[in-house]
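Visitor: My questions will all concern the structure given below.
What follows draws every value from the coordinates through simple rules; no lab data is involved. Please read these numbers as outputs of a predicted model, since none were measured by experiment. Reconstructed Cβ throughout: ideal geometry from the backbone, glycine too, with neighbour counts over all protein chains shown.
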């Protein structure tokens with residue numbers, strides 16, 4: 001394991017003013033996105049859509065890395081160029097989602113544990129040859145009924161995954177997500193997130209994971225979508241930074257938030273409030289999927305003639321989040337063309 005190289009990659013992934021594009025939707029997940037815009041979910045359409053994003057000129061300015069799905073990392077663009085090569089040409093780091101999804105945790109109250117460790121060492125060898133230099137593993141938690149069994153099982157899996165990644169020269173993104181789909185208040189989200197993060201970093205320590213060569217991808221501290229009392233920007237920023245400072249060692253090069261179901265502009269505004277209003281020991285940036293792609297998907301709608309408009313929409317969202325990662329975003333900028 002080359003610690004210096006892992007650290008170099010991790011720092012590149014959280015470079016100032018840049019963030020990570022999560023383009024790792026499974027075939028089933030992207031079907032839901034395509035159904036909404038009337039596009040058939042076939043391999044060529046999936047390829048064409050992602051090629052469009054990766055060829056956007058703004059990739060070079062605002063995107064530091066791209067998380068890919070197994071199908072995507074093997075695909076070639078319409079001119080025969082590997083999609084991984086397009087990402088590298090844009091100056092971004094190719095990455096790969098390696099977990100196989102959240103499955104029911106045995107003898108629990110509907111909780112889940114993420115699977116995919118079997119055969120992972122061999123898959124990492126193959127993915128490294130395909131060009132992946134970082135990976136992602138996501139664990140999810142229901143804040144209304146979480147247990148130590150669930151938190152411990154997922155933390156252990158995240159740590160084993162992260163160790164296997166580093167063993168193979170791949171930077172692990174560790175993604176423990178407290179979901180925002182419920183009716184819990186913001187303080188419940190804070191308490192559960194703190195518990196999850198403390199246990200996760202304890203297991204990373206036990207597994208000998210080098211923090212300087214890893215990135216954290218957490219949820220923000222927000223109330224559940226169904227909670228009657230929602231929170232303002234400053235409260236979300238203050239409580240998120242407080243939890244992170246309690247749990248995340250300064251050795252971690254950066255934290256790249258997931259959007260977790262927030263609207264495009266909410267995810268941007270919350271990230272900006274943290275960077276503009278707080279003194280931080282690590283880089284705070286974005287690793288958004290839907291919050292970067294919803295607008296370009298709608299603009300594209302599967303039509304080649306819409307590619308310039310879709311690329312402009314993607315460039316605009318990427319620029320807004322770049323500014324937020326530097327604490328320089330303002331709401332009025334959303335009205336400007338990309």
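Visitor: Report the calculated FRET efficiency for residue 44 and residue 246 (r = Cβ-Cβ distance, R0 = 35 Å), to the nearest 0.05.
Guide: Efficiency, rounded to the nearest 0.05: 0.15.
Visitor: Would you mind ranking 128, 316 so that the residue whose beta carbon has the fewest other beta carbons within 10 Å leads the list?
Guide: Arranged by neighbour count, lowest to highest, 128, 316 become 128, 316.
Visitor: Find the centroid of the Cα atoms in the stretch 77-106 and in the stretch 258-313, then give the distance between the two in whole Å.
Guide: Comparing the Cα centres of the stretch 77-106 and the stretch 258-313, I get a distance of 18 Å.
Visitor: Still on this model: Give me 282, 137 sorted ascending by neighbouring Cβ count inside 10 Å, so fewest comes first.
Guide: 282, 137
Visitor: When you count, for each residue, the other Cβ atoms within 10 Å and take the mean per peptide, how do 78-85, 111-118 rank with the highest first?
Guide: The most tightly packed comes first, giving 111-118, 78-85.
Visitor: Full-extension gain between residue 234 and residue 266, please, as 0.36 nm times their residue separation minus the C-alpha to C-alpha distance.
Guide: Net length gain for the segment: 10.3 nm.
Visitor: OK, next. Taking a temperature of 37 °C and a viscosity of 0.692 mPa s, what whole-number D in µm²/s does Stokes-Einstein yield for the chain with Rh from Kirkwood over alpha carbon pairs?
Guide: Here the translational diffusion coefficient equals 165 µm²/s.
Visitor: Which order results if 76, 217, 239 are arranged by neighbouring Cβ count within 10 Å, fewest first?
Guide: 76, 239, 217
Visitor: Let me ask something else. Sorted by average packing, counted as other Cβ atoms within 10 angstrom per residue and highest first, what order do 294-301, 231-238 take?
Guide: Result, highest mean first: 294-301, 231-238.
Visitor: How high is the relative contact order of the stretch 35-147, in percent, counting Cα pairs under 8 Å that sit 6 or more residues apart?
Guide: Relative contact order here is 23 percent.
Visitor: Further question on the same structure: Taking each pair of different alpha-carbon atoms in the stretch 104-189 once, compute 1/r for the pair, average those values, and report the inverse of that mean as the Kirkwood hydrodynamic radius in Å to one decimal.
Guide: 14.1 Å is the Kirkwood radius here.
Visitor: Over the stretch 185-338, what is the relative contact order in percent, taking alpha-carbon pairs closer than 8 angstrom and at least six residues apart?
Guide: Reported relative contact order: 22 percent.
Visitor: Give the percent of DSSP beta bridges with both residues in the chain that are antiparallel, rounded to the nearest 5.
Guide: 10 percent
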